[in-house]
Amino acid sequence: MMSMNRIQEEIAAVAARYIVEDGLELGPAKHQALKTLGLSAKVPLPSNEVLEEAVFEHLSLYAQASQAQELQTLRVLALTWMQRLEVFRPHLTGAVWKGFATSKSDIYLQLFCDDSKSAEIELINQGLDYQVSAVKGFRGEVVDALSLNIKHPELGVFVGLHLMVYDLDDLRGALKPNAKGRIQRGDAKALQKLLNASTPDEGLS
């Protein structure tokens, strides 16, 4: 019988494949891996940090060259939208920020607004179609997510752009590193620094 650590490594390896090949987010990828492996939903899941390491390992083995270019183009697209929504203090998070995004990945921007409805009003003023949903925020609270499908000029595909709307007060402390010293989000200036450096894993440092 495999040890629990070994089981979690197996879950992480399968979940990493779903993230890279299908563009799933960390949580859904873990649960899909459980189903694929025929494991009970009660089995403890690997941490996000363990899964992210598995994703980078998968990329290094199977998609290193193509992924680096795809990541770069997604970061450029994210920066364009951050500049377009500058008034809302956008911060990039998720796979595009952390460095393991592929052409299947969506872009996640966190907006910090004086008025929670101001971002919606801006999208309407720009003539953009979007969908609203409720998602779990980075502090565990429920926040609105404004989701759009945007055409990527270089990849030739539609990319999901998700704008999570936070109160301005939530920005306080948002840039503190996690327990492993990793920054979970960055503003346009930080993203531009990553683009200049052109290193896929810089967002994790």
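The values are calculated or read from the model by the stated rules, or taken from the named source; none is laboratory data. Quick caveat, the model's predicted, so the values are computed rather than measured. Counting neighbours? That spans all protein chains shown, and the Cβs are built from the backbone with ideal geometry, glycine included.
Here are a few things to note about the model shown:
- When we screen Leu45, Leu34, Leu71 for residues that are farther than 30 Å from Ala119 by Cβ, buried (at least 16 other Cβ atoms within 10 Å of the Cβ) and touching a Ser or Thr at 6+ places or on another chain (Cβ under 9 Å), the only hit is Leu34.
- Here is the figure for the range 159-199: residues that are under 13 Å from Thr73 (Cα atoms) and either modelled with pLDDT under 90 or not in a strand (DSSP E or B) (or both) total 7.
- Of the strands (runs of 3 or more DSSP E) lying entirely inside the range 29-147, those containing at least 2 residues that are closer than 22 Å to Ala174 by Cα and among the hydrophobic types (A, V, I, L, M, F, W, C) span 107-113, 131-136.
- Cβ separations smaller than 9 Å between residues 6+ apart or across chains give the following pairs from the range 129-155 residues that are within 23 Å of Gly27 (Cα to Cα) and modelled with pLDDT under 90 to residues that are buried (at least 16 other Cβ atoms within 10 Å of the Cβ) and β-branched (Val, Ile, Thr): Lys136/Val143; Gly137/Val143; Phe138/Thr93.
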